[in-house]
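The values are calculated or read from the model by the stated rules, or taken from the named source; none is laboratory data. None of the values given here were measured: they were computed from a predicted structure. Neighbour counts run over all protein chains shown; Cβ positions are idealised from the backbone, glycine included.
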Amino acid sequence: MHTNYESPFSSRYADEEMKYLFSEEKKFRTWRKLWIALAQAEHELGLPVTQEQIDELTAYQDDINYEVARAREKEVRHDVMSHVYAYGVQCPKAKPIIHLGATSCYVGDNTDIIIMTEALHLVQKKLVLVVRALSRFAEQHKDQPTLAFTHFQPAQPTTVGKRATLWIQDLLMDLEDVEYQLSKAKLLGSKGTTGTQASFLELFDGDYEKVRELDRKIAEKMGYSACFAVSGQTYSRKLDSQILSVLSGIAQSAAKFSNDIRLLQHLKEVEEPFEKNQIGSSAMAYKRNPMRTERMASLARYVIADSLNPAMTASAQWFERTLDDSANKRISVPEAFLAVDAILNLYRNVTDGLVVYPKVMEQRLRRELPFMATENIMMDAVKRGGDRQQLHERIRVHSMAASRVVKEEGGENDLLERIAGDSLFGVTLEELEKMMEPSRYVGCAPLQTAGFLHDVVEPVLAKYQEIAEETPEINV
């Protein structure tokens, strides 16, 4: 058990549901469903395939004799033909018609599409759950003032909820991409060795309409509305590239969220959940490292890099088929889905347990607000008859002096005291203090947040109201 490599996606990160989709059992059961669909379609279109043979195939659909298939593969070095043989051992009556007219890509490629489509549905569900959780967070904190940053330098105030809407908006864009990708899902169908369907044209005595109907029937029996109209031996590997591009987009959104939370945790304004007995550091017992968001960033980086694999594979396919896609595809596609599954589990877990510290936010705002409020102070002084240009110069001088106290002497920001002591402004310190209420400087942030949640997020979530709440399991 401890002497062989085991993927961390299996042992640490991904959920059982996603892992099952990329398991051997899911693959080989889908192969058998496809062989049954092929036999049924051929029977319905008049080929010599009997109902008795179909019934026999159906009886053993989920009872896969793996040992027979493994032993056969050692002899013939071909996974599809090994499973055709094993199925035939169980179904002697149906043996002559299993895989009739098909090539290996009939089961291999159609299965890959089916698994990726089901995996995308699972990703879609988890995206919705994250958006739902983030929406609750944004609503709860829509009025909480906090300092906004540009270039990670203090800028104007915003609210915690408004900042959360930026994370949600990214995820909604990802959800749109998932929905679009699912909306155009097609099977390969049964196209033959070079995509010409020559074997089926022969089987149907030159009746091309029956060849086309075969694809339509297979698609319908497998729960799809269509097959690709044309192909080589395989479906275009551009599909893998498009799907992993969507997964890369989700990883990018999650990494941005992760970075923001890690920076906020450094500022002691927002923290990811930290369990009672969790250890943050082996050396520094007091530490509360942002381990979950760090893992999100790490896995996101992997997915973004991994998305280049199918892009390069799609660009390198020769004519109707080469096999240099196979080994890469077996690794890159499942691992991208498993990583995104883990990322979304972490995203949801962190969002559900985010801890907000309003007092720290207020303290930081109070330190920075005097600088940000200078324009308001100047405008009020102008209203009382002051000269805007003179006031601007005095504020510049006072601001530079106050900044020097903070940066060079480590003192408190005394800008308000300096302005109150300057007769040109004609304002008391008490009056200035009243102007330092942070909520006065957040602009439309609370209204934007409420409007975004109501107008944009709620209609999206309403489409998915049947998705039940789940608690993601974080293993480590």
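For the range 131-244, the helices (runs of 4 or more DSSP H) that sit wholly inside it and include 1 or more residues that are under 22 Å from residue 273 (Cα atoms), among the small types (Gly, Ala, Ser) and assigned by TED's automatic domain parsing to the domain that holds residue 309 are 160-183.
Within the range 82-92, is there a residue that is within 23 Å of residue 210 (Cα to Cα), surrounded by 17 or more Cβ atoms within 10 Å (Cβ to Cβ) and over 41 Å from the mean Cα position of the chain (by Cα)? Looking through the range 82-92, none of the residues is within 23 Å of residue 210 (Cα to Cα), surrounded by 17 or more Cβ atoms within 10 Å (Cβ to Cβ) and over 41 Å from the mean Cα position of the chain (by Cα). Just to verify a result, which residue in the range 52-81, among those that are of a type in the set (Val, Ile, Thr) and more than 24 Å from residue 42 (Cα to Cα), is surrounded by the fewest Cβ atoms within 10 Å (Cβ to Cβ)? In this case the residue turns out to be 76.
So which residues in the range 445-470 are part of a loop (DSSP other than H, G, I, E, B) and surrounded by 10 or more Cβ atoms within 10 Å (Cβ to Cβ)? Listed by number, the residues that qualify are 464, 467, 470.
Inspect the range 30-37 for any residue being in contact (Cβ under 8 Å) with a residue 12 or more places away in the chain, touching a His at 6+ places or on another chain (Cβ under 7 Å) and outside the structural domain of residue 331 (by TED's automatic domain parsing) and give the result as yes or no. Within the range 30-37 (the criterion being in contact (Cβ under 8 Å) with a residue 12 or more places away in the chain, touching a His at 6+ places or on another chain (Cβ under 7 Å) and outside the structural domain of residue 331 (by TED's automatic domain parsing)), the answer is yes, since at least one residue qualifies.
Here is a yes/no grid of residues against (1) at pLDDT 95 or above; (2) within 27 Å of the chain's Cα centre (by Cα); (3) assigned by TED's automatic domain parsing to the domain that holds residue 260:
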position	(1), (2), (3)
287	no, no, yes
294	yes, yes, yes
299	yes, yes, yes
304	yes, yes, yes
319	yes, no, yes
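Checking the structure you have, find out if any residue of the range 435-442 is touching a Lys or Arg at 6+ places or on another chain (Cβ under 7 Å), in contact (Cβ under 8 Å) with a residue 12 or more places away in the chain, part of a loop (DSSP other than H, G, I, E, B) and loosely packed, with under 15 Cβ neighbours inside 10 Å. No, the range 435-442 contains no residue that is touching a Lys or Arg at 6+ places or on another chain (Cβ under 7 Å), in contact (Cβ under 8 Å) with a residue 12 or more places away in the chain, part of a loop (DSSP other than H, G, I, E, B) and loosely packed, with under 15 Cβ neighbours inside 10 Å.
Only one entry in 219, 148 is free of Cβ contacts under 8 Å to residues at least 24 places away in the same chain, buried (at least 16 other Cβ atoms within 10 Å of the Cβ) and touching a strand residue (DSSP E or B) at 6+ places or on another chain (Cβ under 8 Å), namely 148. Taking residues in the range 1-12 that are in contact (Cβ under 8 Å) with a residue 24 or more places away in the chain, and partners anywhere that are surrounded by fewer than 10 Cβ atoms within 10 Å (Cβ to Cβ), the pairs with Cβ atoms closer than 8 Å and at least 6 places apart or on different chains are 12/476. Tell me yes or no: at least one residue of the range 100-118 is under 13 Å from residue 36 (Cα atoms) and surrounded by fewer than 21 Cβ atoms within 10 Å (Cβ to Cβ). For the range 100-118, residues under 13 Å from residue 36 (Cα atoms) and surrounded by fewer than 21 Cβ atoms within 10 Å (Cβ to Cβ): present.
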